[in-house]
Structures are given as structure tokens and as C-alpha cells.
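Laboratory data are not the source of any read-out in this text; all were calculated from the coordinates shown. None of these values were measured; they are calculated from a predicted model. Heads up, the Cβs are rebuilt from the backbone with ideal geometry, glycines too, and the neighbour counts pull from every protein chain shown.
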Amino acid sequence: MLSIVVLSGGYASSEYCLDELVKIMNCRKENGHRVFPVYYKVSPDDDVADPASSGVYKADLDRHKRRHSYDRVATWIHALRSISHISGWVVTDHT
């Protein structure tokens, strides 16, 4: 099995997307499930690797922190950080 995850600027605004990412990354860890990220107009190093501190996901995660439990948001942040370490396709305006 293979999951293609398209990470865009609005990705972290969606609780559904974040929950699915957690499931996908758990399958990768537990079953060797293959994951191919597509970084669409986001940087795996700047935006995705440290989503709670800076980048395009910070505002959305701050909003989630006010509405959800610490554990749930921490799980989302961990999944985002984990996927940032997987080589994928970086799509920019110039790609």
C-alpha cells in the first residue's frame, strides 16, 4: 500500500486531514506502509518540520490548541514533524 499525502498551506486547518495523517504515519510505523509526501507550496524544512513554532501551519495549530486537548494537538504536530523527514516532491510556482 502507498499513501500520497499532499501538504498545502491550508492542510493544518483541517482536523480531518490531520487525523488521517496520524493514521497514515501510524501505519507506516507499525506496518511499513509507504508514504510519499507532496509539499505543495510549503517547505518540508521550514513549514512542516517545526509547525508549532513557525511557518504556514502555526496559526492553524494555535487555533486548534484553544479548541482541542493538548494530547490531540501534540499527536498532529508529531505526525507533521515525522512526515517532514520523508523525501517527497516539492511543488512551487516554478516547478
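What the phi angles of the range 63-75 give under the Karplus curve with 6.51, -1.76 and 1.60, with θ = phi - 60°, is a coupling list of 5, 4, 4, 7, 10, 10, 5, 4, 4, 5, 5, 4, 5 Hz, glycine and proline written as x.
Only Cα pairs under 8 Å and at least 6 apart count here; give the relative contact order of the chain as a rounded whole percent. Relative contact order, the chain: 36 percent. Ranking of THR92, THR75 by neighbouring Cβ atoms within 10 Å, starting from the fewest: THR92, THR75.
Taking other Cβ atoms within 10 Å as a rough exposure proxy, SER82, SER3, SER53 sort from fewest to most as SER53, SER3, SER82.
Between SER69 and ASN31, what's the calculated FRET efficiency when r is the beta-carbon distance and R0 is 25 Å? Round to 0.05. Efficiency at R0 = 25 Å is approximately 0.40.
Using the Karplus relation 6.51 cos²θ - 1.76 cosθ + 1.60 with θ = phi - 60°, the per-residue 3J(HN,Hα) values for the range 31-36 come to 10, x, 4, 7, 10, 10 Hz, with x marking Gly and Pro. Under a 5 Å amide H cut-off, with hydrogens placed 1.01 Å from N, VAL91 pairs with TYR39, TYR40, LYS41, VAL42 among residues at least 5 apart or on other chains. Panel order for VAL38, VAL48, VAL5, by other beta carbons found within 10 Å of each beta carbon, from fewest to most: VAL38, VAL5, VAL48. Taking amide H as placed 1.01 Å from N in the peptide plane, the amide H of SER3 sits under 5 Å from that of ARG34, VAL35, PHE36, each at least 5 places away or on another chain.
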